[in-house]
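What follows is a single structure, written as structure tokens, with notes after it.
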Amino acid sequence: MAFSESISVRELPLFPLPELVLFPGRHLPLHVFEPRYRIMMNTILQSDRRFGVLMLDPASGQPANVGCCAEILHYQRLPDDRLKILTIGQQRFRVLSYVREKPYRVGLVEWIEDKPTSQDLSPLASDVDRLLRDVVHLSAKLTNQDIDLPDNIPDIPIELSYWVASNLHGVALEQQALLEMDDTSVRLEREAEILTSTRNHLAARTALKEVLE
């Protein structure tokens, strides 16, 4: 275990991104061009390659209080010291306080995890997986496109909950709420509600399309 993971509180450089929520296990490519974040990335690359991603609320202009740690997997230097980097989401964290604001934000953060449970989450995960496939099937039918789900959708309930949450589009505040939940079953239940609503909406549109055709 790395030293940085053996303690529950640490300082972490923070990268707020408008309407973007990173989840554990998900890849995030970034093009870094702002001077302060170029400084940040160059500093991180000399240490443990980790920083925190926080969703920036465009309405308030404030970063969320809960985010996800990202680790740089690959990077490429471009002209003018710009960087293209590929990161992967690791554990979630809560910002306890800001240590400094310039040249970039550094926060004192604590790691957060889902509560352990003795409940068998497999049936709930199977429901979410089935609903996901229904939504993709109906979307393909409605748009006359071949839409295939990847082969590597996780079957471990907590990993599936993060995968589904990360693939919701245009609902950053909903994604943020899912990120902040500390109960896998509650996260999966909320995703089942979202997917059921989406499936019903798509089914109605598909039926109308068939009538009109």
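The values are calculated or read from the model by the stated rules, or taken from the named source; none is laboratory data. Predicted, not measured: the structure shown is a model, and the values here were computed from it. Here the Cβ positions follow ideal geometry from the backbone for every residue, glycine too, while neighbour counts run over all protein chains shown. The accessibility values were calculated without ligands, DNA or RNA, using every heavy atom of the protein model including side chains. Shrake-Rupley method; radii C 1.70, N 1.55, O 1.52, S 1.80 Å.
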Fill in: Directionally averaged shadow of the range 8-93, computed from the convex hull of its alpha-carbon atoms, nm²
5.6
Worksheet entry | Mean shadow area of the range 4-57 over all directions, Cα convex hull, nm² | 4.5
Fill in: For the chain, accessible area per residue (1.4 Å probe, heavy atoms of protein chains only), Å²
56
Discussion item. Once neighbouring chains are kept in place and the probe is 1.4 Å, which whole percent of the accessible area of the range 90-213 is contributed by carbon and sulfur?
Written reply: 51
Worksheet item: Mind checking the alpha-carbon convex hull of the range 60-107 and giving the volume per residue in Å³?
Response: 114
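Take the alpha-carbon positions of the chain, form their convex hull, and give its projected area averaged over all directions (one quarter of the hull surface) in nm². Kindly include the intermediate steps, with their values, before the conclusion.
Working: hull surface 58.5 nm².
Averaged projected hull area, Cα only: 14.6 nm².
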Worksheet, complete the sentence: Largest fluctuation, ILE147, ILE112, ILE44 only, Gaussian network model of the chain with Cα springs under 10 angstrom, belongs to ILE147
Fill in: Listed residues LEU28, LEU73, LEU195, most fluctuating in the chain (Gaussian network, C-alpha, under 10 Å)
LEU73
Worksheet item: Of all trypsin sites (Lys or Arg not before Pro) in the range 20-100, which ones are in loop regions per DSSP and have a Cβ with at most 15 other Cβ atoms within 10 Å?
Response: ARG49, ARG82
Fill in: Within a Gaussian network of the chain (alpha carbon springs, distance under 10 Å), most fluctuating of GLU189, GLU159, GLU101
GLU101
Worksheet item: Expressed as an acute angle from 0 to 90° and rounded to the nearest 10, what is the orientation of the C-alpha long axis of helix 35-45 relative to the principal long axis of the chain?
Response: 90
Discussion item. Can you show me the helix-derived [θ] at 222 nm for the chain, built from DSSP H runs with n ≥ 4 at -39,500 (n - 2.57) apiece and divided by the number of residues, rounded to the nearest 500.
Written reply: -13000 deg cm²/dmol
